[in-house]
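The values are calculated or read from the model by the stated rules, or taken from the named source; none is laboratory data. Owing to the predicted nature of the structure, the values given are computational and were not obtained by experimental measurement. Methodologically, a virtual Cβ is constructed for each residue, glycine included, from the backbone with ideal geometry; neighbour enumeration extends over all protein chains shown. What goes into the accessible areas is simple: the full protein's heavy atoms, side chains included, and nothing from ligands, DNA or RNA. Shrake-Rupley method; radii C 1.70, N 1.55, O 1.52, S 1.80 Å.
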Amino acid sequence: MVNNINNIKNEKILEAAIKLLSVHGTSVPTAKIAQQAAVSNGTLFNYYPTKKALLDGVYLSIKKEVSAHVINQVARETKHIEDLVLYLWQQYISWAMANTLKQQVASLLRGSFAISDEARASVDEIFSFINIKLEEAQNKQIIRDMPTEFLCEIAVAQILATIQHARINNLTQQQLSQLIQQSFEVYWKGIKT
C-alpha cells in the first residue's frame, strides 16, 4: 500500500514537471512543480533531492517510455537494418505525435545542460541496442563507416523536423505516413553505402 502511494506521488510529480517544463522550460521553480503535483516541497525533495535529480528523473522516465514503445520484440527480431531503422523511425514518430508534451520536454532536456552526464549515460544504455545494430551494419558495409552516435544524431534531427512539420501542418494520417516514409528515405539514402 505504501509503495503504491509513493508511486502515485512520484507519477504526480513527474506529470507536473512535464507540464510545467513544456511551458516554462528548465527555469521553472521546483516549488511550482510541487504545487502543481499537490505535494509539499519537502515531499518533492524526498523523491528528488535536487532540481537536477528531478530533471534527470523526468528525462529518464520519458526515455524509458519511448524505449518501451519503440524497442519491442518486433524491433529485436527484425533482421535487415533498413527495415529496423524504418520501424524505429515510424514507432518514435508515432509515439511523439501521441505524446506531444513528453516529446517536447525530452527534446528540451536533451539539448540543455540541465541533466547530468549519468542520466545521459543511462539513456545511452537504454538505446544501446540501436548502436549495436548500426555497428553490425557498418561491419557488413551496408551503411557508411561513421560514428554511430553521429548517425543517431542525424536521425534525431530529421525525425524532429518531420514531427515539427507534421504538427505545424496538421497532417492527416495518410499525409503523415507519406512524410514519415519520405523523411526516412532521405536519411537512408544518406547513410547507405
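Observations, loosely collected:
- Selection within region 57-105: residues that are exposed (fewer than 15 other Cβ atoms within 10 Å of the Cβ) and basic (Lys, Arg). The member of this set that is modelled with the lowest pLDDT is 76.
- Scanning region 81-91 for any residue that is among the hydrophobic types (A, V, I, L, M, F, W, C), within 20 Å of residue 66 (Cβ to Cβ) and not in a helix (DSSP H, G or I) turns up nothing.
- Members of region 1-31 that are open to solvent by less than 80 Å² (accessible area, probe 1.4 Å) and either charged (D, E, K, R) or not in a helix (DSSP H, G or I) (or both): 9, 28, 29
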